[in-house]
Amino acid sequence: MNNATTQPPSPFHRGEQQVQQRQGVRKQMERFGTRVIRDHMPDQHRQFYGQLPFVFAGHSDESGWPWASILFNKPGFMQSNDAKTLEIHALPVKGDPLGDALQAKTRLGLLGIELPTRRRNRLSAHILATTDDYIQLGIDQAFGNCPQYIQTRELHSVDPQTLPDIEVKDLDVLDERAQALIADSDTFFVASAIDGNSEEVSSGADVSHRGGRPGFVRVDSATTLTIPDYLGNNHFNTLGNFIENPRAGLLFLDFESGHMLTLTGTVEIDWEAEDAEHFEGAQRLWQFHLDHGRWIKNALPLRWKLDEYSPNSLLTGTWPEAEQLREAQTQRNQWSPYTVTDIVEESSSIKSFYLQPQGHATAKFEAGQFLTVRAVIAGQENVRTYTVSSAPADTTLRISVKRERTITNDTPDGVFSNFLHDELNVGDTIDAKAPNGAFTFDANESRPAVLLAGGIGITPMVSMARHAMIEGMRTRYMRPITLIASAHSANERAFFSELNDLAAQSGGYLRNFSVLSEVDKQMQPGQDYHHHGRISAQFLQRVLPLDDYDFYLCGPNSFMQSMYDLLRELGVGDARIFAEAFGPATLKRACDAATEPFISAAPANEAIVEFTSSQIEQAWSEGDGSLLDFAQAHGLTPEFGCRSGQCGACKTTLVSGAVSYQSQPTAPLDADEILLCCAVPAKVPGEDVARLAVKI
C-alpha cells in the first residue's frame, strides 16, 4: 500500500511562480495561496457579488488578444445558486469585444469591486452557458484582494433613455482625446490571459485594478504607455501572465461621461528601470504598446464622483514629479531655495521649521539624514546641518532646531540656531542642499529596533518613527520599534504628543517611553512620563522583552557614550549599535569580532599644504588642527556644516598627497575626495615634511 500523500496542485501557474521567485516570496506565497485561493466562492463572496451594480471582466479573443470589459445592471444582477457557479444577468455593451466571445468554455477573469468601500474580490471562471440576457459561469478560482490604490467613488445612474446612441470607433493610434483621458486617469483596469484552452485552474484570463494619482500613466507616444507597478499582494497574477503571454488589454473609463476606451497590445516588463528609481512607490515599470482598440462613446449609464484618493495612492508619485526628482538627484550638491511655510514650538528650546522647495523638488532621502542649510548672518555666510525630523514621504521638509546658549566663541552653533529662532519667519527663504548622512533607518528590516534619544537627539528618531508608520501602510509590514527619549524636564521635551499619536496608530508596533530627569508633582507616571532619572540598565531590561535588537543612539556626546557603554555591558554587540553624534562629538567604540576598528594613516608632524584654487602654500604643524581650521586661519572660507566628518559639506578634491582622519568620517567620499573638517596631513614614510595639495 502506498502511504505517500499527493501534493495538491499549486494555485499559481509557471509565470506567477517565476515572478514570485524573482521577488523572493515564492515559498511564503505558496503557503499563503493554498489557504486563501479556493476552487469555489465562500459565502461572503457570493453575497458580495450579489450586491454589486457592475463587475469587470477580462477575456482573450480568438486571435489571442486580451480585453478588459465591464458588465452592469441593477444590484442583484449577479446570482450564485451554489459555491461553484455564478449567473450574470447582463451582456456587454455594443462594440465591446467581449460580445464576440460569449460561448461555452471561454475563460473569464472577474473583478468585483465596490468603490465606496474599496472592497474587491477576484474570480477565475469559464462560461458554462449563455442566453440572450445572461451568462452562466463555472468557478475555477476565487480569492480576495486588498484595497490598496482604490480611490473611493460615489456611483450615480442616469436614465439610459436619455443617452445619445453608442458610438464605436476603431483605432490603432491614440487620438488626442484618448491621450488626455489616460494622462488624467487615476484608475484603469488591465486584462491578461494565458492558454485559455488549458485545463489548469491557474491558467485562463484575469482582470485587475490599477490605481494611483492622476498622471501615474505616462503617454510616451500615440502607441506607447509606461506604467509603474506598485507593491501589492505578491500574487503577481498580471505580471505572471505577462511572462507567459506578453499581451494586455487596458480599459479606461471616463467616470464623468460614461465613455469607454478599451485597448489591446503587447507589453514589456522593465525589472530594473532607471525611471522607477525616481517614481515614488514604483517597484518596476511595464510598457504597453498599442496594437488596436476602440472608443465606445456613450457606453455606460453610470457616473462616478470622486470621493477621496486611497491613502496608498497618495504615497505614490506622478511622472512630472519623477522628472523633478531626477533633476534634483543631479543637483544634490547645489544650493536650492526653500520657503518657510510654518514654524512650530516643540518645547521651551526647540522649534520646527517646515520648508517647501521653491521651483524644484527635494532629492530622495532616508529617515535619519540631515539637511545642510546656509544663511547670511550679520553680513557673514554661515553653514550648518540639522537633522530632518519629517519622513521621506512627507510633503514638506521639517528641521527641528534647539536654541543654543548665549552666543560665545565656545558655542559657535548658537549663531545659527538663534538666527533661526529669532529672525526667520514664515514666508522667508533659506538655502539648503539635498539631505545627506549615513545615520539611516531601514523600515523593512525584520529585527526590532530600539531608538535611544537624548535631548535634541530626538529629531532623527521622529523621522524614523514616522517613516516606519508610512512604510507600514504601504507594505502592510511595520518594523517593531521601542522609542525611549530622555529630556531634562517636560518643558524641554519635544514631540511627546506626536510620538504618542503615532504609537496609538501603530497597533502596538511602536512603543514610546519618556524619561525625565525632573518631574512635577502633578505629573502621572505611566501617562505623563515613564521613568524618573536617567536611562538605566534596569529600566531597559524592564521595558525591552528578551530579543535581538538594533539600537540607534542620538544625542549629546555624554549621553551617547553612556548609552553605548551601557549597551555593551548588557552584552549588545558593537555591530548592533548605530549612532549619530553632534558637532565635534565622537563615540569611542569597543570593537568586537563582528566589527572592524577604524584605522587611518598616521598623522604628519609637519607638512607643506597647498590650496590650489587660492594659490596659497603654507607650512602646517600638528598644533594647527584640521585642514578646515588651517584654511580658516589663513583667511579662506570653505563651506562646512560640522566638524566631525558627518555632513560632507566641506568635501573637496585631494590633488596630491594623503590625509589622516582621527575618527572615521561617515559622509560618502570618492577616492579623490577628503573632508576638511576632520582631516590632517598624513605622514609620508621617509620624509620629515609631508606635502599635500587640496582644491580650495
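General remarks:
- Meets criteria (more than 36 Å from the chain's Cα centre (by Cα) and of a type outside the set (D, E, K, R)) for GLY635: yes
- When the residues of the range 288-344 are filtered to those that are β-branched (Val, Ile, Thr) and within 17 Å of the chain's Cα centre (by Cα), the one that is surrounded by the fewest Cβ atoms within 10 Å (Cβ to Cβ) is THR318.
Condition check ((1) touching a Leu at 6+ places or on another chain (Cβ under 7 Å); (2) modelled with pLDDT under 95; (3) more than 30 Å from LEU483 (Cβ to Cβ)) across all residues:
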residue: ASN382; (1), (2), (3): no, yes, yes
residue: VAL401; (1), (2), (3): yes, no, no
residue: GLU404; (1), (2), (3): no, yes, no
residue: PRO412; (1), (2), (3): no, yes, yes
residue: HIS421; (1), (2), (3): no, no, no
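- Filtered by the rule that a residue be surrounded by 24 or more Cβ atoms within 10 Å (Cβ to Cβ) and either of a type in the set (Val, Ile, Thr) or more than 24 Å from the chain's Cα centre (by Cα) (or both), the range 374-391 gives ARG384, THR385, THR387, VAL388.
- Any hit, the range 55-66, residues being under 15 Å from ASN121 (Cα atoms), open to solvent by 10 Å² or more (accessible area, probe 1.4 Å) and in contact with a Pro (Cβ under 8 Å, 6 or more places away or on another chain): no
- Filter pass, GLN179 being open to solvent by 20 Å² or more (accessible area, probe 1.4 Å) and either in contact with a Gly (Cβ under 6 Å, 6 or more places away or on another chain) or not basic (Lys, Arg) (or both): yes
- Yes/no for GLY427 being buried (at least 17 other Cβ atoms within 10 Å of the Cβ) and either more than 30 Å from TYR230 (Cα to Cα) or in contact with a helix residue (DSSP H, G or I) (Cβ under 9 Å, 6 or more places away or on another chain) (or both): no
- As a summary of the residue check, HIS156 satisfies the conditions (1) in a strand (DSSP E or B); (2) crowded, with 19+ Cβ neighbours inside 10 Å except for the one numbered (2).
- Applying the condition of being at pLDDT 80 or above and in a loop (DSSP other than H, G, I, E, B) to the range 650-665 and asking which residue is nearest to VAL376 (Cα to Cα) yields CYS650.
- Among (1) at pLDDT below 95; (2) open to solvent by 20 Å² or more (accessible area, probe 1.4 Å); (3) not in a helix (DSSP H, G or I) - the single one ARG474 does not satisfy: (3)
- Failed item, numbered, when MET563 is tested on (1) open to solvent by 50 Å² or more (accessible area, probe 1.4 Å); (2) farther than 29 Å from ALA434 by Cα; (3) in contact with a strand residue (DSSP E or B) (Cβ under 8 Å, 6 or more places away or on another chain): (1)
- Any hit, the range 493-509, residues being assigned to a helix (DSSP H, G or I) and of a type in the set (Lys, Arg): no
- Conditions (1) touching a His at 6+ places or on another chain (Cβ under 9 Å); (2) modelled with pLDDT under 95; number of the one not met by THR187: (2)
- So GLN505, is it of a type outside the set (A, V, I, L, M), within 29 Å of ALA393 (Cβ to Cβ) and either in contact (Cβ under 8 Å) with a residue 12 or more places away in the chain or touching a Lys or Arg at 6+ places or on another chain (Cβ under 6 Å) (or both): yes
The values are calculated or read from the model by the stated rules, or taken from the named source; none is laboratory data. Nothing here was measured: the structure is a model prediction, and the numbers come from that model. Positions of Cβ are backbone-derived with ideal geometry, glycine not excepted, and every protein chain shown enters the neighbour counts. Note: areas computed on protein heavy atoms with side chains; ligands, DNA, RNA excluded. Shrake-Rupley method; radii C 1.70, N 1.55, O 1.52, S 1.80 Å.
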